[in-house]
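Reviewing the structure listed below.
The values are calculated or read from the model by the stated rules, or taken from the named source; none is laboratory data. Remember, predicted model here, so these are calculated numbers, not experimental data. Here Cβ is always computed from backbone atoms with ideal geometry, including for glycine, and neighbour counts include all displayed protein chains.
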Amino acid sequence: MVKLGKNIEEVIIMPLVHIDLIEGRSDEQLRGLVKDVTEAIAKNANVPAERIHIVLNEMKKDRYSVAGKMADEK
């Protein structure tokens, strides 16, 4: 159970960004992505970087489709 502080901002995790990607990027690419996204949100939403949380969800090509075709189909 979360104990609420005097300031609601003390307990809210925001912004929380979810990024869905098809797997295959290197750790270096993913690190660059979260760095760039964090910087963009901090700048444009006027939020300290320390408050920004990012969840990366990597999926297999056979678990994603566009226009009725699976991403792994040629």
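Quick look at the values:
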| item | result |
| --- | --- |
| Complete set of residues in segment 26-51 that are touching a helix residue (DSSP H, G or I) at 6+ places or on another chain (Cβ under 9 Å) and of a type outside the set (Asp, Glu) | 38, 41, 42, 47, 48, 49, 51 |
| Leading residue by the ranking (surrounded by the fewest Cβ atoms within 10 Å (Cβ to Cβ)) among those in segment 25-66 that are among the β-branched types (Val, Ile, Thr) and farther than 12 Å from residue 15 by Cα | 66 |
| Any hit, segment 5-22, residues being loosely packed, with under 10 Cβ neighbours inside 10 Å, in a loop (DSSP other than H, G, I, E, B) and at pLDDT 90 or above | no |
| Some residue of segment 29-47 being at pLDDT below 95 and part of a loop (DSSP other than H, G, I, E, B) | yes |
| Residue list for segment 27-73, restricted to those being of a type in the set (S, T, N, Q) and over 16 Å from residue 17 (Cβ atoms) | 29, 65 |
| Count of residues meeting criterion [assigned to a strand (DSSP E or B) and touching a strand residue (DSSP E or B) at 6+ places or on another chain (Cβ under 7 Å)] in segment 49-73 | 7 |
